[in-house]
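Here's the structure we're looking at; comments come further down.
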Amino acid sequence: MTGSPALQYILTGFDDAASSRFSASVAGDTDKARVTSMSVSQWGTVTDAEFVCFVKSPGTLAPHATSAILAYFASHPDVDMLFTDESKADGRASTPVLKPIYAPERLRTQDYLGDLVVYRSSLLDAVGGVDDSLPGAELYDLEMRASLAARVVGHIDAPLFRRTAGPARLADDATIKASTRSALERRLAATGGGEVIAVGLDGVHDTRRVVDGAPLVSLVIPSRGVFSDINGERGCYLLDCVRSVMEKSTYSNFEIVVVLDSVADPAVIDELHRVVGDRLVLAEWSKPFNFSDKINLGVLNASGEYVLMLNDDTTVISPGWIEALLALAQRPGAGMSGALLFFGDGSIQHAGHHYFEDDASHIGLDAAHDEVGPLSGYRVEREVSGVTAACALMPVRVFHEVGGLSNLLPGNFNDVDLCMKVGFLGYDIYFTPHAQLYHYESKTRDASVHGFEVDVVWTRWGPGMHDPRFWPYPHNRTPD
Amino acid sequence: MTDPQREELLDVQMRQLALVDRIIGLEAEVAHLKAGKGGAEFRSEIKAIKSSATWRAGRIIIGPLAAVSRVLGAKSKK
């Protein structure tokens, strides 16, 4: 080929055999692409192509992948950076690796863009190209810096690359960890601040946002406030819940607003005063059951800048749960944040909402306690379509802006509807695995779903009940 | 909790939340109807919504409620 190719593939750390196999897979598009194997820091010396793609792992392109990539750029002129789904060789078969769209918070917890990331050369020039002072993490650093400067980061939801081995190791483990930490710190500093807690060689990192100031958070807990049989003994879920909040929470500026039914046991009220003290606000609910209106009443009785909706059949596991939720809810444009919930037996109950083909379900439902899920999704902070109101934090102003929880939905789907409203008004919703609680789901209410509840949600949101942006899998957890 | 004025204010605020909820719900319905249907059909849907009892009742209720809320809100701040 003579002249400048449209797309330059740069293979990083490939041996000769792997380079040959990759080059052979470009065969159908040789008039549009050129392949070079070299160190990432040398890229600027070899290409005058309009687009540059650094390939991290040995593998091959799907037929006409280059044409598909160039066609995508041609039809999306504002896209400066692009990544694709891929597949992983499993013997002679392949396992698809589906990815969410570009999700800025997720990217600082995980290098999930994968092996085929394509940049406009003009974007690379604008960000100063590869930083070779971060050996072993140059390309992750480049992804994080370039995505902040890109007008749009595009995603092709088709497996255009088949990975046959893991990424080439471009430095020793200690160097990679140190470089990755520096890259993550740079990303956090450029996007509002945060902390790098741990760097993983598997590409999954524990980075966290930090709380800005110490705003008052109002925990709103609707409850009947009665004793019942808990595992064969007389107990009260509400009291167990507030005791765990008071004993375990490290965040101190909160109040607890309990919306109690008129039938509440006076002994429960006495104990609430004793446990919670002057942080307790009581509101009385004397009408027929309506979870949404009970929450709304609680929020109207609250004084906090943030409201944390909490079911009475939950107990706190992680001491820093409020900080984890609050730090995400303080992000610019944030509308809501939600927690990782476990059933009493330790299996996962909720790791975000999943709306797929008109069905709403919990990500991770019934997965084993230590499962990490597709693309480690249960264990990373990330953007989601929705979260359960069993434990969700949001700015009070957003709660009012969306009209609170819909009282057309007294028992079910009120949180799905709430999340849809939050998203409809353009706010982001986040999930954090660093706020962990037990949720003894529906131990204190009737969980029957009524036809009218289904009608309300599906009539309102119709097409919105299919949202694969952040969880692109047809299943809510890893298939058995 | 037994202050009648406070109870009245809470009642008004609850109704306001419900009305905002209904408006967003209708906006959402309109948005996906608009996305999925042609112009004439969409205008017909809008006309039907605007002539519905729910829409007209909402228009009647939301004006006085906002006025009451403003009055009560001003009183409670005194």
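In table form, for the structure just shown:
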read-out: Prolate/oblate/rounded label for the stretch A:58-121 (Cα gyration tensor, a/c 1.5); value: oblate
read-out: Nonlocal amide H pairs with A:TYR430, under 5 Å, H built at 1.01 Å; value: A:MET336, A:SER337, A:GLY338, A:VAL384
read-out: Relative contact order (%) - criterion: Cα under 8 Å, at least six apart; region: chain A; value: 13
read-out: The stretch A:118-132 - phi-based ³J(HN,Hα) in whole Hz, Karplus 6.51/-1.76/1.60, Gly and Pro as x; value: 10, 10, 5, 4, 5, 5, 4, 5, 5, 9, x, x, 6, 9, 7
read-out: Average beta carbon contacts from partner chains per residue of A:400-408, 10 Å cutoff; value: 5
read-out: Flagged links, alpha-carbon separation over 23 Å, of A:LYS294/A:LYS421; A:LYS56/A:LYS99; A:LYS32/A:LYS56; A:LYS248/A:LYS287; A:LYS294/B:LYS47; value: A:LYS248/A:LYS287; A:LYS294/B:LYS47
read-out: On Cα atoms only, tilt of A:65-75 relative to the major axis of chain A in degrees; value: 70
read-out: Shielding score for A:417-423, defined as the mean number of other chain Cβ atoms within 10 Å; value: 2
read-out: For the stretch A:221-338: relative contact order, % (alpha-carbon pairs under 8 angstrom, 6 or more apart); value: 34
read-out: Peptides ranked, highest mean first, by Cβ atoms within 10 Å: ranges A:189-200, A:281-292; value: A:281-292, A:189-200
read-out: Sites B:LYS34 and B:ARG56, calculated FRET efficiency, Cβ-Cβ separation with R0 22 Å, nearest 0.05; value: 0.55
read-out: Shielding by partners, peptide B:21-32 (average Cβ within 10 angstrom, other chains); value: 6
read-out: Relative packing of A:265-274, B:48-57, A:411-420, which averages over residues the other C-beta atoms within 10 Å, highest first; value: A:411-420, A:265-274, B:48-57
read-out: Nonlocal amide H pairs with A:ILE230, under 5 Å, H built at 1.01 Å; value: A:GLY235
read-out: Protection proxy ranking of A:148-157, A:57-66 - average other beta-carbon atoms within 10 Å, highest first; value: A:57-66, A:148-157
read-out: Mean ellipticity per residue at 222 nm, deg cm²/dmol - from DSSP H runs of n ≥ 4 across chain A, formula -39500 (n - 2.57); value: -8000 deg cm²/dmol
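Values quoted throughout were computed directly from the atomic coordinates according to the rules given, and no laboratory measurement underlies them. The model shown is predicted, which means the values in this text are computed figures rather than measured ones. When we count neighbours, we look across all protein chains shown, and the Cβ atoms used for this are built from the backbone with ideal geometry, even at glycine.
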